[in-house]
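Beneath this line is the structure, given in structure tokens, with notes to follow.
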Amino acid sequence: MSELRTCRTCRQSRAQADFPKDRPDGSRHHRCLDCQAAAYRDRYHADSKRRALQIAYSMNGSVRRRFPEAPAVPAERLAAMILEADACAYCGVPNDREGRGFQIDHVQPLNQGGEHSPDNLSVACARCNRAKWDQSLGEFHDWLDRVLARRQQAVSRSRTE
């Protein structure tokens with residue numbers, strides 16, 4: 001039978017396996033996995049600079065895995081771009097200066113010959129960044145125009161009915 005421990009945060013008795021084992025001496029933490037995840041989540045949302053840096057490190061790592069020859073852009077520079085942007089470069093949704101919901105986008109996608117450099121980067125809301133994906137700026141604008149035209153047609157039809 002599994003040995004039980006009590007989490008110092010939630011005070012619940014749990015199996016020893018429910019406590020992370022990532023301390024330097026190999027022992028387990030005093031808080032359970034659920035409480036540790038909640039603490040990390042709270043810390044992530046409480047500190048906008050740390051969150052922006054984490055997004056920047058993640059982006060540089062992703063670029064490095066897919067395009068090893070691409071130079072890294074300093075994470076501090078990427079984080080500053082996220083925090084200092086006034087609005088999404090594509091739809092104009094305002095940035096609350098916390099950078100929540102904003103991401104860095106390659107204007108000219110890397111897989112289409114774009115560079116991983118500050119000149120080819122813009123700040124986009126998550127929705128626009130996902131919609132643009134690996135399209136060039138021209139392709140994305142063409143797609144947006146088609147979407148807007150379809151929406152206007154749908155609104156016109158609903159008004160005439």
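Identify all residues within the stretch 9-25 that are among the polar types (S, T, N, Q) and either exposed (fewer than 10 other Cβ atoms within 10 Å of the Cβ) or in contact with a helix residue (DSSP H, G or I) (Cβ under 7 Å, 6 or more places away or on another chain) (or both); write none if there are none. Write out each step before concluding.
Restricting attention to the stretch 9-25, the residues satisfying the condition of being among the polar types (S, T, N, Q) are 9, 12-13, 16.
The one that is among the polar types (S, T, N, Q) and either exposed (fewer than 10 other Cβ atoms within 10 Å of the Cβ) or in contact with a helix residue (DSSP H, G or I) (Cβ under 7 Å, 6 or more places away or on another chain) (or both): Thr9.
Are any of the residues in the stretch 71-78 at pLDDT below 95, assigned by TED's automatic domain parsing to the domain that holds His141, in contact with a His (Cβ under 8 Å, 6 or more places away or on another chain) and assigned to a loop (DSSP other than H, G, I, E, B)? Within the stretch 71-78, one or more residues are at pLDDT below 95, assigned by TED's automatic domain parsing to the domain that holds His141, in contact with a His (Cβ under 8 Å, 6 or more places away or on another chain) and assigned to a loop (DSSP other than H, G, I, E, B).
Table: residues versus (1) in contact (Cβ under 8 Å) with a residue 24 or more places away in the chain; (2) within 11 Å of the chain's Cα centre (by Cα); (3) farther than 21 Å from Phe140 by Cα.
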| site | (1), (2), (3) |
| --- | --- |
| Tyr57 | no, yes, yes |
| Gly61 | no, no, yes |
| Arg65 | no, no, yes |
| Ala72 | yes, no, yes |
| Arg77 | yes, no, yes |
| Ala85 | yes, no, no |
| Gly99 | yes, yes, yes |
| Gln112 | yes, no, no |
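Is it fair to say His29 is at pLDDT below 95 and either in the same structural domain as Gly101 (by TED's automatic domain parsing) or within 13 Å of the chain's Cα centre (by Cα) (or both)? It would help to see each step written out before you state the result.
On the way: at pLDDT below 95: yes; either in the same structural domain as Gly101 (by TED's automatic domain parsing) or within 13 Å of the chain's Cα centre (by Cα) (or both): no.
No: the conditions fail for His29.
So for the stretch 134-143 (the condition being touching a residue at least 12 places away in the same chain (Cβ under 8 Å), assigned to a helix (DSSP H, G or I), of a type in the set (Phe, Trp, Tyr) and surrounded by 11 or more Cβ atoms within 10 Å (Cβ to Cβ)), does at least one residue qualify? Don't jump to the end; show me each part of the working.
If we filter the stretch 134-143 for residues that are touching a residue at least 12 places away in the same chain (Cβ under 8 Å), which is where we start, we get 134-137, 140, 143.
In the following step, the residues that additionally are assigned to a helix (DSSP H, G or I) were identified as 137, 140, 143.
If we keep only those that are of a type in the set (Phe, Trp, Tyr) too, we end up with 140, 143.
Restricting the remaining residues to those that are surrounded by 11 or more Cβ atoms within 10 Å (Cβ to Cβ) gives 140, 143.
Looking through the stretch 134-143, at least one residue is touching a residue at least 12 places away in the same chain (Cβ under 8 Å), assigned to a helix (DSSP H, G or I), of a type in the set (Phe, Trp, Tyr) and surrounded by 11 or more Cβ atoms within 10 Å (Cβ to Cβ).
The values are calculated or read from the model by the stated rules, or taken from the named source; none is laboratory data. If you're wondering where the values come from, they're calculated on a predicted model, not measured in any experiment. Quick reminder, even Gly has a Cβ in these numbers, built from the backbone with ideal geometry, and neighbours come from all protein chains shown.
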